[in-house]
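Here is the structure we will look at.
The values are calculated or read from the model by the stated rules, or taken from the named source; none is laboratory data. All of these numbers come straight from a predicted model, not from anything done at the bench. A quick note on method: Cβ atoms are made from the backbone with ideal geometry, for glycine too, and the neighbour counts reach across all protein chains shown. Accessible surface is based on the protein model in full, side chains and every heavy atom, while ligands, DNA and RNA are left aside. Shrake-Rupley method; radii C 1.70, N 1.55, O 1.52, S 1.80 Å.
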Amino acid sequence: MKHLLVFVFSVAGFWANSQALQSPEQFLGYKMGTKFTPHYKIINYVRAVAQAMPHLVKLEKYGETYEGRELLLLYIANPDNLKNLDGIRQNNLAFAGLGAAKTAAATAGNPAIVWLSYNVHGNETSSSEAAMLTLFSLVDPTNTSTKEWLKNTVVMIDPCINPDGRDRYVNWFNSTLGQNYNTDPQSREHSEPWPGGRTNHYNFDLNRDWAWQTQKETQQRLVKYNQWLPQVHVDFHEQGINQPYYFAPAAEPFHEVITPWQREFQKVIGKNNAKYFDQNGWLFFTKERFDLLYPSYGDTYPLYNGAIGMTFEQGGGPRGGLAVTTGSGEVLTLVDRVTHHYTTGLSTIEMASQNAGRLVTEYKKFFDDSKEGKGSSVKTYILTSDNPAKINSVAQLLRLNGVEFGTVGNKRFKGLNYVSEKQETGNLKKYNLAVSTSQPKSVLARVLLEQKSKLADSVTYDITAWSLPFAYGVDAYAVSEAVAIVPYQPSVTIKPVASSTYGYLIPYNSIKSVKMLCQLLKQGVKVRFSERPFSYGNKQYDRGTLIVLQKSNPANLQSTLNELAARNEVEVDAVSSGFMDKGPDFGSSDVRSIRVPKVALLTGEQTSSLAAGEVWHLFEQQLDYPLTLINASDLGRTSLKNYNVLIVPDGTYRNLTDKIVTDKLKEFVSSGGTLIAMETAVQKLSSADWGIKLKEDKEDKKDDKVDYSVLKKYENRERDELKNSIPGAIYRVQLDNTHPLAFGYSDTYYTLKQDANVYEFLKEGWNVGVIKKDNYVTGFAGTKVKSQLKDGLLFGVLPMGTGSVVLLAEDPLFRLFWENGKMLFSNAVFLVGQ
């Protein structure tokens, strides 16, 4: 009787839970796609499902956004697998040679792990609505198909990667919507205002941040991702309203490390998706536009980590609203968009279930081959620098991505020198880092570290070069032999700051030095810097070295420096006199006092939200230094008297050449201000009377010959434009490192060039960073662009009155993963114009 009662109550409890389960429509009170669901209601619904079906669903909070919204993961599995969820995870990592176990049980019977990511772009809203439908279908007791699929799959759902962006869009849309929606694409409900909901709080595109992990949301998600490393990952997106639906297989170029199996299974899923779309008469396309090269996407990052990574793109996006009339005259509704994403999500799970055994077997083979270094002619990557902060920064990024590394054990080796592009005997500097390509994360390591990425096709969706040694400003060698590697130790140990009644010296050679400078200035400490190198106590100090004297500074200066030195990992030396062994003494005119920068940033409409976001994030989340955001459209009526630095980021400015704005900016600079113009802002200034001129490409024209180059084939129109294209290639820049803008650098800097613009050398200013002939390094650049990118200015300083105009024609902060550019930008803020 006791056992019977237990059974009866268990069954009763099961049915009670099942009866408590509600569909999204029942729970929310409307059909999916007839309204936009705010993020908090999405959270409420998935929580309710997890509570109603605890034998099938586990809910986990993995983090919060910058604005405090919850980030959740749902694990959906059959009861047996849900009970053994962590065992499945550990065994899956063991297939990859990772985790505590390192060696796994047999692959037979292990479920395939399918991770579905929704709404990484906040204004591509249909996917989070589809996520709720997908979740319900997986746990619906009446759905026999999904019950069968869950026998050999574990499904993970991230219902909304970017809640801040989603709510920004949804709240705006709901505030503009009338009693009925308007399908006219010209209606205001289809014209989202700046900055749009695509990006996160700091206007970062989270679908470009997977490998770099600059954003809080990405950092938290990638911890969970690397704890699981699924066999299948789908990233749900939207595209323009006149596009139908895109799903894999992807377009060329594929990175060469992508395996035949990864290509093959993309086709398997694509054909299954096509079956359902054909049955319903829905249009789609494959093998176009969306390639697999750039490593920081939601499809490529999983691919480089052994998964079948895919992007699914539904037509719609921010212009879709609840319904919109497309170019073909058809009405596309949110209901349509949600249904399509719901269909491909279930189709993916179906194919993963049917092929679970092969997925797990091929996944294990991917990592087995990685551990043996198969397919790689490079056996060891060696990075080296005299700057410990730079090597430690690379180490931190590799660590975040689970890439194993160490230090060179045998210092005698020969490899491809990234700078000379020749096979040379290695020249190790003071600090080094070594990465073997015989390790579980070999493929990802190769993609991030390789000097050049091979392009099977030049028509690409994003940048074509990102090599970490260039992005981080360190030397590198690609070695074709395995080099002995010993455990990595942090490259610097900070000693306590010695007491001094006179003053202190702080090396200025990395972004960590900049952070320390910011903290000192915020605490009211007076700081100087030297414009020329000097030596003291048998130690050489480079240009830019910070000088902090005890006089006129707080009495607790030593303890302040001790705390900040430890926090920033910056060495501080005590001095007992201002008399230097060589070079300028501290009273020299070559030693400058740093005024406290009072910084304003133009933002809002007319500026690029991405570019403004980079600066905003750098100041708030990295430098922790005060910054005032000013709407660019208000510049003409804004008083600048409270600021001495004004940053004008990339944008499409309409007012920079207006007389009232030009006069205001020139007065600001002439009165001692520093104006920092970036990217297209430099181009805009060049069209006005600022003493800056865009360099024109002068073609030889021969009037006596017929120009047959104008005869083009229509079908080749996209490829014909490639000669004018540079989606992102690395170029070598020669620096005048005697100028404060380039303090902390050698005479060479590598920039990510994204347009064909260079400027004529300044006649009345300082040409700090220039491109000379044959300075191309890697990445795709069209033939015409290559011919233009030579003998021109990229970074310069134009003195005006008692102030300066700093010209940064290329973005030194690109997506904030271009680590070596952060100091160049910081120099413009803190050192130039002193």
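Residue by residue, here is whether (1) polar (S, T, N, Q); (2) under 28 Å from S126 (Cβ atoms); (3) open to solvent by 60 Å² or more (accessible area, probe 1.4 Å) holds:
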| position | (1), (2), (3) |
| --- | --- |
| Y245 | no, yes, no |
| A250 | no, yes, no |
| E256 | no, no, yes |
| P260 | no, no, yes |
| Q266 | yes, yes, no |
| G270 | no, yes, no |
| N273 | yes, yes, no |
| F277 | no, yes, no |
| G281 | no, yes, yes |
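Restricting the search to strands (runs of 3 or more DSSP E) fully inside the stretch 288-361 and requiring at least 3 residues that are more than 30 Å from F780 (Cα to Cα) and not charged (D, E, K, R) gives 323-325, 331-333.
Residues are listed down the side, and each one gets a yes or a no for (1) among the β-branched types (V, I, T); (2) at negative phi; (3) open to solvent by less than 40 Å² (accessible area, probe 1.4 Å):
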| position | (1), (2), (3) |
| --- | --- |
| N110 | no, yes, yes |
| T125 | yes, yes, yes |
| E148 | no, yes, no |
| N152 | no, yes, no |
| C160 | no, yes, yes |
| R166 | no, yes, yes |
| N174 | no, yes, no |
| L177 | no, yes, no |
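For R208, are the conditions met, namely being open to solvent by 10 Å² or more (accessible area, probe 1.4 Å), in contact with a helix residue (DSSP H, G or I) (Cβ under 9 Å, 6 or more places away or on another chain), modelled with pLDDT of 95 or more and within 23 Å of Q396 (Cβ to Cβ)? Spelling it out, R208 is indeed open to solvent by 10 Å² or more (accessible area, probe 1.4 Å), in contact with a helix residue (DSSP H, G or I) (Cβ under 9 Å, 6 or more places away or on another chain), modelled with pLDDT of 95 or more and within 23 Å of Q396 (Cβ to Cβ).
Checked against (1) closer than 18 Å to S128 by Cα; (2) among the hydroxyl-bearing types (S, T, Y); (3) over 29 Å from the mean Cα position of the chain (by Cα), T361 passes all but condition (1). Residues that are touching a helix residue (DSSP H, G or I) at 6+ places or on another chain (Cβ under 6 Å) and open to solvent by 10 Å² or more (accessible area, probe 1.4 Å) within the stretch 391-413 comprise S393, G402, F405, listed in sequence order. Here the stretch 775-789 is the region considered, the condition is being closer than 13 Å to N757 by Cα and assigned to a helix (DSSP H, G or I), and the residue that is least open to solvent (accessible area, probe 1.4 Å) is V785. The listed residues are F817, F825, F761, F830, and the only one of them that is at pLDDT 95 or above, within 23 Å of Y508 (Cα to Cα) and surrounded by fewer than 21 Cβ atoms within 10 Å (Cβ to Cβ) turns out to be F817. For the stretch 133-149, the tally of residues that are among the aliphatic types (A, V, I, L, M) and either over 17 Å from K58 (Cβ atoms) or out of contact with any helix residue (DSSP H, G or I) (no Cβ under 7 Å at 6 or more places or on another chain) (or both) stands at 1. From the list L428, L448, L444, L416, the lone residue that is aliphatic (A, V, I, L, M), farther than 30 Å from F95 by Cβ and not in a loop (DSSP other than H, G, I, E, B) is L416. Taking every residue in the stretch 672-687 that is acidic (D, E) and pairing it with any residue that is part of a helix (DSSP H, G or I), at least 6 positions away or on another chain, the pairs with Cβ-Cβ distances below 9 Å are E679/A611. Would you pick out the residues in the stretch 762-794 that are farther than 28 Å from L455 by Cβ and not basic (K, R)? Those that are farther than 28 Å from L455 by Cβ and not basic (K, R): L762, E764, G765, W766, N767, V768, L793.
Only residues that are open to solvent by 10 Å² or more (accessible area, probe 1.4 Å) and among the aliphatic types (A, V, I, L, M) were counted across the stretch 799-812, and they come to 1.
Among the residues of the stretch 590-603, those that are part of a strand (DSSP E or B) and more than 12 Å from N644 (Cα to Cα) comprise V591, R592, S593, L602, T603.
For the stretch 236-278, residues that are polar (S, T, N, Q) and within 26 Å of T183 (Cβ to Cβ) total 3.
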